[in-house]
Amino acid sequence: MGRQEPIGVFDSGVGGLTVAREIMRQIPNERIVYFGDTARVPYGSKSKETVTKYSRQIIRFLQTENVKAIVIACNTASAFALDTMQKEFDLPIIGVVKPGAKMAAQTTKNGKVGLIGTEGTIRSGVYAEFIKSFKPDVEVIGKACPLFVPLVEEGMWHDTITDQMAQRYLEGLKQQDIDTLIMGCTHYPLLRSTIQKTMGEHVNLVNPAYETAIELKNVLERESLANICEVDSPSSMYRFYVSDAADKFKAFANAILPFDITMTQQINIEQY
């Protein structure tokens, strides 16, 4: 696999763009092929078997784009499918859960870590599993926040309704005396200021998207896959694919990425 080949990044929809954005910031030499499964979003309420099947189809598609490594930029798919995908495919595959869990274990002082995410991520218990592997005596308190995703996708990042939902979801965690909170869904970093305001400045927020970009950088260097060539313009560096609603995806991407994307192509993911 060549150093100049792209990184494959996939998510159930637009949330994984926060991971792609961090990769662009932390390792700007790397090309990216992004796939958002916008036809089948959300993953958070689906079964492990279904999410694993979807992940397999997407990785097969990304392989047609000659990717040299893959980032599962979805907490639910990382929780449900990562182990299986690593066994089935012969290329580096990393998820967003382990890097975030590791940082939370390193950050907490009082051993009480909060976790917000989809129902699937919370139910899987995978964050707690990883955190305890790094620091066994940590207590992990999870809270599913399903309405955060549609609020983000509607662009309601700074809205009184979002403030009210944050108060409702996070009130219980505030009473648990946590000192660290993992934003365990790729959409949630876009609500960072609201979450921080609700929890208070004394609570450290962990963004798995950032930690995953750093982990990817380390993996590429370790595997001698890091691109050392000059970079081109963003329009030639990054390619975006979706399974539905390309125009809506492009509008959202242009709102959060550091440049406007010109091409988003819809494909039939079911054929892979």
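The values are calculated or read from the model by the stated rules, or taken from the named source; none is laboratory data. Every value quoted in this text rests on a predicted model; they were computed, and no experiment measured them. Backbone-built Cβ (ideal geometry, glycine too); neighbour counts: all protein chains shown. The area values use the complete protein model at the heavy-atom level, side chains included, leaving out ligands, DNA and RNA. Shrake-Rupley method; radii C 1.70, N 1.55, O 1.52, S 1.80 Å.
Placing unit charges on the Cβ atoms of the charged side chains and taking the dipole of the stretch 105-186 about its Cα centre, the candidate lying farthest along the positive direction among Ala105, Thr160, Gly142 is Ala105.
Ligands, DNA and RNA left out, the accessible area of the chain computed with a 1.4 Å probe is 47% carbon and sulfur. Once the Cβ-Cβ distance of Glu119 and Ile161 is raised to the sixth power relative to R0 = 25 Å, the FRET efficiency obtained is 0.75. Computed from the C-beta positions of Asn268 and Glu88, the FRET efficiency with R₀ = 35 Å rounds to 0.95. Using the average count of surrounding beta-carbon atoms within 10 Å as a protection proxy, the listed peptides 75-82, 46-53 rank, highest first, as 75-82, 46-53.
When the listed pairs Lys132/Lys197; Lys68/Lys135; Lys98/Lys217 are checked against a 21 Å cut-off, the alpha-carbon distance exceeds it for Lys132/Lys197; Lys68/Lys135.
Highest mean first, the peptides 191-203, 256-268, 16-28, 137-149 sorted by other C-beta atoms within 10 Å per residue fall in the order 16-28, 137-149, 191-203, 256-268.
Helices in the chain, meaning DSSP H runs of at least 4 residues, each add -39500 (n - 2.57). Divided by all residues, the mean residue ellipticity at 222 nm is -14000 deg cm²/dmol. Once the Cα-Cα distance is subtracted from the 0.36 nm per residue extended length, the Asp244 to Glu65 segment shows a gain of 62.5 nm.
Straight Cα distances below 18 angstrom link Lys248 to the aspartates and glutamates Asp11, Asp37, Glu153, Glu154, Asp260, with same-chain residues fewer than 8 positions distant left out.
In this simple spin-label model, placing a label point 7 Å from the Cα along the Cα-to-Cβ direction at both Glu221 and Glu129 gives a separation of 2.9 nm. Share of Cα-Cα pairs in the stretch 98-208 beyond 24 Å, in percent? In whole percent, the long-distance tail amounts to 17. With protein chains left intact and a 1.4 Å probe, residues in the stretch 114-156 average 46 Å² of accessible area per residue.
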